[in-house]
1. Looking at segment 23-55, which of the residues that are surrounded by 21 or more Cβ atoms within 10 Å (Cβ to Cβ) and in contact with a Phe, Trp or Tyr (Cβ under 6 Å, 6 or more places away or on another chain) is nearest to Tyr297 (Cα to Cα)?
2. Out of Ala408, Ala432, I need the residue that is in contact with a helix residue (DSSP H, G or I) (Cβ under 6 Å, 6 or more places away or on another chain), aliphatic (A, V, I, L, M) and open to solvent by 20 Å² or more (accessible area, probe 1.4 Å). Which one?
3. Given the criteria assigned to a strand (DSSP E or B) and either open to solvent by 10 Å² or more (accessible area, probe 1.4 Å) or farther than 24 Å from Asp339 by Cβ (or both), does Ala242 qualify?
4. Please tell me if Leu307 is open to solvent by less than 30 Å² (accessible area, probe 1.4 Å) and either of a type in the set (S, T, N, Q) or in a loop (DSSP other than H, G, I, E, B) (or both).
5. Failed condition for Thr258, given (1) open to solvent by less than 50 Å² (accessible area, probe 1.4 Å); (2) β-branched (Val, Ile, Thr); (3) over 30 Å from Leu74 (Cβ atoms); (4) over 23 Å from the mean Cα position of the chain (by Cα), with all others met?
6. Got at least one residue in segment 351-369 being among the hydrophobic types (A, V, I, L, M, F, W, C), buried (at least 24 other Cβ atoms within 10 Å of the Cβ) and touching an Asp or Glu at 6+ places or on another chain (Cβ under 8 Å)?
7. Just give me the residues in segment 269-301 being open to solvent by 10 Å² or more (accessible area, probe 1.4 Å) and assigned to a loop (DSSP other than H, G, I, E, B), in sequence order.
8. Are any residues in segment 80-95 more than 16 Å from Asn115 (Cα to Cα) and either open to solvent by 70 Å² or more (accessible area, probe 1.4 Å) or part of a strand (DSSP E or B) (or both), and if so, which ones?
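The values are calculated or read from the model by the stated rules, or taken from the named source; none is laboratory data. For clarity, every value in this text was computed on a predicted model and none was experimentally measured. When we count neighbours, we look across all protein chains shown, and the Cβ atoms used for this are built from the backbone with ideal geometry, even at glycine. Quick note on the areas: whole protein, heavy atoms, side chains included, nothing else; ligands and nucleic acids left out. Shrake-Rupley method; radii C 1.70, N 1.55, O 1.52, S 1.80 Å.
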Amino acid sequence: MADHEQKKEPLSIAIIGGGIIGLMTALGFLHRNIGKVTIYERASAWPDIGAAFAFTGIARECMQRLDPAILSALSKVAQRNPHDKVRYWDGFHPKSKEEAQDPEKSVLFEIEEKNMAYWACLRGVFHAEMARLLPEDIVRFGKRLVAYEDGEDQKVALRFEDGEVEEADIVIACDGVHSTARKVLLGADHPAANARYSRKAVYRALVSMPAAIDALGTEKAHVQIAHCGPDAHIVSFPVNNAQIYNVFLFTHDSNEWTHGHTMTVPSSKEEILSAVENWGPHIKELASLFPEQLSKYAIFDQADHPLPYYAAGRVALAGDAAHASSPFHGAGACMGVEDALVLAELLEKVQSGSAYEERKKNIELALKTYSDVRIERSQWLVKSSREMGDLYEWRYEDIGGDGVKCKAEWERRSRVIWDFDVQGMVDQAIEAYDRAVVKV
């Protein structure tokens, strides 16, 4: 085959994991016509995940650049905060629901909503919208990765639990908090091979809007808010065009997690009520809306053992597989969106600029560049997010429940997330890659 013909051969890209970041990464590649993309998803069908989360303005800028259709999909299902401020309320001290609704008496601090500019959505609904954008033949269900081999061969060999072996020029692993690819990439005995229990747990509920209004008042129930207190905090907001109210109750756990890598164990409303038994009446009423039987979700992250790198050879980790984070900055998924954009920009360079026999080298350079560009910011987020959980639960250094100090700490940290130059990130990645290619 002549060199000019070889150059036209498309890259084969395997994406391990069909979650939010896996789909977004695939769509970014497809939008740029970067090779032949295959998603390997371990589930037998798309999961119907009901949990809610939100994306910042920076994350939405990255979505627009990845593929405008991604942002359009989000806009169909997202709930925007109609107010210009987000308030953090004292959930512990108010003695009545009236006092709890009085900003003068119960607001610890408030911040300008325009900075983070969250759009909230149900994870499963947004996932379904993105899945509709994919070509029909791109997803392989029931494919659980068990190992991969990246040696001198032309392709990376992917070994799945069903015994099948697939090959790809590039592997992007978006296989989540308990990533198999991470264990292979680092080695099973590496301290960062497994995410660790953060000593935080969360309980989730979707409750009716009328019930939320009864507990919190009309104004509070229609905006994103947080209630803070000792050893727990609550984040809540309306979703699905304010038809449902989403509630997360987070608690500090002084004990080790004794359930291995199982992140979900059965719990009950009794455990919820116990966590807020000394809190204000509005919080007790909100907690009473949780179902009698529910799940307790352990929060695992990489704060104790951050990864030394996100890529080796022709394999890269993205999203939670690279930097599993607690949710206390509300930006863990947003970091994955940034990952996807950098990967798309770099692999577009590989696709368009490499002769066939140069590709292995240039793929490795591109993925190393991605790792170098993304590691500092994303690992800062993981560490800071863990500490923000303590801030909300009045466990952080000398701040406690001091609203003025809480606000100052919140703004100092959150500014790192929203004061971010997306174009600068992309330029840094492209320039670093170009320099690396020239050197080799």
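1. The selected residue is Ala54.
2. Ala432
3. When the stated conditions are applied, Ala242 does not pass them.
4. Yes; evaluated as a whole, the condition is true for this residue.
5. Result: Thr258 passes all but (1).
6. yes
7. Glu277, Asn278, Trp279, Leu289, Pro291, Glu292
8. Trp89, Asp90, His93, Lys95
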